[in-house]
Amino acid sequence: MDKKIFRIAIVGRPNVGKSTLFNTLTRTRKALVEKSPGVTRDRVYGTAEIAGRMVTLIDTGGLLPGDEDRFAREILSQAEKALDEADLVLFVVDGQEGVTPVDEELASLLHKKEKPVIVVVNKLDGPRLDEALSEFYALGFDKVIGISAKHKRNLEELEHAIEEFLPEETEEEEIKEDDIVKLAVLGRPNVGKSSLVNRLLGEERMIVSDVPGTTRDSVDTLLELPNGRKYLLIDTAGIRRRPRIKQRVEKFSVDKALEALRRCDIALMVLTAEEGITDQDQKILSQIDKNHKGCLILVNKWDLLDGKREEANIMLQQIRYGARFIPWAPILTISAMTGRRVKEILPLVDEIYAQYSTRVPTWKVNKALEQITTDHSIYASTGKRIKFYYGTQVGVRPPTFVVFTNYPDEIPKSFERYLKNRLREMLGFDKSPVKVIFREKR
C-alpha cells in the first residue's frame with residue numbers, strides 16, 4: 001500500500017476533554033485547555049505517533065447542534081471540514097455525565113458521514129466509572145474505549161483501537177523546520193488577523209467575526225505555493241493590555257500568542273488604518289524586538305482612506321514614527337477584505353527571511369566593526385577607552401554577532417543600538433534585526 005497522510009478528527013460537545021486528549025496524543029500543549037466550554041473554535045492540527053506510525057490529529061471546537069451562539073455555526077462548519085478530511089473520527093464523550101441528548105444528536109450526524117468512529121469515553125478516573133462504559137454502546141458504534149486523557153489512563157488500548165484502522169505505512173505531514181518559514185500573525189483584537197490568514201490561504205480556514213476575541217488559540221496552517229515554497233501561518237488571539245484581561249482563558253490566549261511569537265521566524269504585525277499605531281501596538285512591537293524576530297508591519301483596512309490622500313500620508317508618518325525603534329521592519333498598507341496588496345506580503349516576507357538567514361564572512365564583519373568604532377569612541381567609568389578587538393557572526397535567524405572587547409559590561413545601551421544600526425546598514429540587513437553579544441577578550 002502506498003504511503004498516505006492518515007488524519008484523525010477529534011470531535012464532541014464542549015468540555016469533554018478533546019483538547020486534553022489532543023495534547024496528550026501529540027505530546028504537546030498546542031491546543032488551549034480550559035474548564036470553560038467553547039475554548040477551541042478553529043481546527044488545530046498536530047502530529048502523533050501511533051503504533052510506530054505518524055498520523056495527523058485535528059482538534060475541533062465543541063459542538064452544540066442548534067445552538068444560537070454567534071460562533072456555533074462557524075465552529076460546526078470548521079468541524080464539518082475536519083470530518084470531511086478525516087480517515088477516522090474519535091468521538092469524545094464524558095464518562096462522568098453519561099450519554100446526553102447532545103451526544104445522541106452528534107452520533108446521528110456522524111452516522112450520516114459514514115466514517116469509521118471510535119467512541120472515546122473520557123474522564124474515567126476510577127474503576128467504578130468503567131461500569132458506565134456499556135451505556136455508550138447505545139450511540140450505535142462498535143468501538144467504545146474508556147480512558148482518562150488527563151491522567152493518561154488506558155491510552156494504550158485507545159492506540160491499539162486506532163491501529164486497526166491504520167494503513168500499513170503512513171506519511172508524516174509535519175515538515176522539517178528548515179523547509180518552512182514560520183509566520184506569526186499578531187495584533188490587538190479585531191484588527192483583521194484571521195481575515196488576512198483566510199485571504200492568504202484562499203479559503204475560510206479561520207473563523208472570521210467582527211466580535212473582538214474570536215480567535216482564542218494559536219492555530220497553525222500550512223500554506224504551500226506552486227513553486228514549492230512553504231509557510232506556516234500561526235493565527236493568534238488578539239493581545240489586549242494586561243489590565244483588560246479579565247477571563248482566565250483570555251490570559252492563556254495572550255500567553256499562547258506570545259509563545260507563537262517565540263517560535264516564529266517573522267511576525268506579521270497587523271494594525272488598522274482606523275486607529276493607526278496605539279500604545280498596545282508599540283508594546284507588541286517591543287516584544288518582537290526583544291525576541292529578535294523579523295517583522296512586517298501590515299496596516300489593514302487601508303481602503304477606508306481611499307480619496308483621503310493627506311489623511312493617509314499623515315497616518316503613515318505617525319505609524320513610521322511610532323515604530324521608529326524597529327526601523328528595519330517594512331510597512332505595507334493592505335486591505336484583507338478587498339485583497340489589496342495582499343499578494344505583495346509573501347514576496348516581502350521572502351526578502352526579510354533571506355536577510356534573517358544570511359551569514360556574513362568574518363573579514364567583512366571586522367571591516368565594518370573597525371570603521372564603526374573608529375568613527376565613534378566610548379569610554380568606561382574608569383576613564384579608559386573601550387576597545388573593540390574583533391567580531392564574528394555566530395548564528396542566523398536572527399543574525400547574531402559576538403564582539404570581543406576589554407569592558408563588555410561598561411558598554412552603554414545607546415552605543416549598542418548605534419552599533420546594531422550601523423552593522424545592519426553596512427552588512428545588508430536593512431529589513432532584518434541583528435543581535436549583538438559583547439564578550440571580554442582575555
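Worth pointing out:
- Accessible solvent surface per residue of the stretch 264-328, calculated while the other protein chains remain in place, 1.4 angstrom probe, Å²: 46 Å²
- Modelled label positions at MET337 and GLN282, each set 7 Å beyond Cα in the direction of Cβ, lie 2.8 nm from each other.
- For ILE58, the amide hydrogen comes within under 5 Å of the amide hydrogens of ILE8, ALA9, ILE10, counting only partners 5 or more places away or on other chains and with H modelled in the peptide plane.
- Subset of LYS81/LYS230; LYS367/LYS420; LYS230/LYS364; LYS193/LYS283 violating a 26 Å alpha-carbon distance limit: LYS230/LYS364
- Solvent-accessible area, 1.4 Å probe, carbon plus sulfur percent, for the stretch 337-442: 49 percent
- With a Förster radius of 30 Å applied to the beta-carbon distance between ASP142 and ARG27, the computed FRET efficiency rounds to 0.60.
- The H on the amide N of ILE437, modeled in the peptide plane, is under 5 Å from the matching H of PHE401, VAL402, VAL403, each at least 5 residues off or on a different chain.
The values are calculated or read from the model by the stated rules, or taken from the named source; none is laboratory data. Just so it is clear, the structure is predicted and the values come from calculations on it, not from any experiment. Cβ sites come from the backbone with ideal geometry, for glycine too, and all protein chains shown count toward neighbours. Heavy atoms of the whole protein, side chains included, go into the accessibility calculation; ligands, DNA and RNA do not. Shrake-Rupley method; radii C 1.70, N 1.55, O 1.52, S 1.80 Å.
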